[in-house]
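For reference, the structure is listed below as structure tokens.
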Amino acid sequence: MTKQFIFSLLTVTCLVFFTSVTKAQVASPGGINDPSEGTFLKPLKPPKGKKQAKLKTAEEYFARAAEFFDKGDFESAILDYDEAIRKKPSYVEAFLERGNVYMAKATTFFNKEDRMKGFADFREAIRLKPDSIEAYFNLGVAYYRADNFDDAIASFSQVIRIQADYVDAYNNRAYAYRKKGDLEKALADFDEAIKLNPEFSEAYLNRALIYKVKGDKEKAIENFKTVVKLARVANAVVFAKQELIELGVDVDEYRE
């Protein structure tokens with residue numbers, strides 16, 4: 001079972017994406033001006049992969065690649081996934097995981113070429129396994145991160161076609177609709193996510209924010225209150241309380 005690139009387009013703050021699978025971010029692709037130095041910050045360069053002992057099977061290379069990925073050694077992970085795929089050209093999981101590595105590396109080092117390689121690996125996984133939920137999901141996240149919301153929506157819709165109760169796909173598609181300004185479709189998807197998981201705090205929070213934008217104060221308050229009562233995500237609770245105070249609600253009645 002492969003890990004998804006990102007499980008959800010997340011979470012807590014104002015319908016704003018994003019968590020990262022990487023450990024650090026540096027300057028923008030073209031560099032940014034450092035106001036303290038007046039100099040130009042350049043993107044970091046990834047270290048080269050380490051030469052490792054040879055293994056026998058594709059599965060062994062796959063397992064070691066996963067260890068490298070967990071340690072943040074992208075180059076060594078890619079080399080081992082390359083070898084796993086060379087030994088087993090139809091290895092769907094290896095394409096998926098190598099795509100994850102390329103996307104993580106692209107985010108960390110602002111490398112467009114790596115991003116394109118990640119897209120290619122997810123598409124190849126879909127070609128090899130047309131009903132791969134993981135491949136469509138990861139592709140949707142990658143499209144979202146590239147601000148390609150139409151293709152993100154299409155990818156998450158494919159996940160839902162394959163598995164109609166996939167909560168995170170509805171949640172992520174709602175974010176993409178929100179980014180496009182289609183609040184009604186975003187609301188419908190958050191509604192469905194909540195129907196499938198009645199304790200999905202983030203969905204209540206984001207639904208409340210949409211109602212607030214639409215001027216439906218009563219429904220916004222109702223959803224913010226639910227976030228506080230559920231008390232499942234600390235940051236969401238704090239944010240919801242702040243919103244309730246702004247809307248004139250006494251939050252002391254809604255302690256966790």
What's the number of the condition residue 248 fails, among (1) at pLDDT 95 or above; (2) not in a helix (DSSP H, G or I)? (1)
From the list 183, 205, 196, which one is buried (at least 24 other Cβ atoms within 10 Å of the Cβ) and either touching an Asp or Glu at 6+ places or on another chain (Cβ under 9 Å) or within 30 Å of residue 115 (Cβ to Cβ) (or both)? 205
Restricting to the stretch 117-159, give me the number of residues that are of a type in the set (S, T, N, Q), buried (at least 19 other Cβ atoms within 10 Å of the Cβ) and either in contact with a strand residue (DSSP E or B) (Cβ under 8 Å, 6 or more places away or on another chain) or part of a helix (DSSP H, G or I) (or both). 3
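For residue 162, are the conditions met, namely being touching a residue at least 24 places away in the same chain (Cβ under 8 Å), closer than 30 Å to residue 63 by Cβ and either of a type in the set (A, V, I, L, M) or buried (at least 23 other Cβ atoms within 10 Å of the Cβ) (or both)?
yes
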Would you call residue 183 over 24 Å from residue 134 (Cβ atoms) and assigned by TED's automatic domain parsing to the domain that holds residue 231? no
Count, please, the residues in the stretch 91-128 that happen to be within 22 Å of residue 60 (Cα to Cα), of a type in the set (Val, Ile, Thr) and without any contact (Cβ under 8 Å) to a residue 40 or more places away in the chain. 1
Which condition breaks for residue 241 when tested against (1) surrounded by 16 or more Cβ atoms within 10 Å (Cβ to Cβ); (2) closer than 25 Å to residue 156 by Cβ? (2)
Please determine whether any residue of the stretch 211-232 is at pLDDT below 95, within 25 Å of residue 164 (Cα to Cα) and part of a loop (DSSP other than H, G, I, E, B). yes
Within the stretch 242-254, is there a residue that is within 23 Å of residue 188 (Cα to Cα), touching a helix residue (DSSP H, G or I) at 6+ places or on another chain (Cβ under 7 Å) and β-branched (Val, Ile, Thr)? no
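For (1) at pLDDT 95 or above; (2) closer than 30 Å to residue 190 by Cα; (3) assigned to a strand (DSSP E or B); (4) within 19 Å of the chain's Cα centre (by Cα), each residue gets a yes or a no:
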{"residue": "2", "(1), (2), (3), (4)": "no, yes, no, yes"}
{"residue": "19", "(1), (2), (3), (4)": "no, yes, no, yes"}
{"residue": "30", "(1), (2), (3), (4)": "no, no, no, no"}
{"residue": "55", "(1), (2), (3), (4)": "no, no, no, no"}
{"residue": "90", "(1), (2), (3), (4)": "yes, no, no, no"}
{"residue": "103", "(1), (2), (3), (4)": "yes, yes, no, yes"}
First in the stretch 63-85 and modelled with pLDDT of 95 or more, second anywhere and buried (at least 20 other Cβ atoms within 10 Å of the Cβ) and of a type in the set (Val, Ile, Thr), Cβ under 7 Å, 6 or more apart: 69/101; 74/101; 77/101; 78/101; 81/101
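The values are calculated or read from the model by the stated rules, or taken from the named source; none is laboratory data. A quick note: this is a predicted structure, and the numbers were derived from the prediction, not measured. Counting neighbours? That spans all protein chains shown, and the Cβs are built from the backbone with ideal geometry, glycine included.
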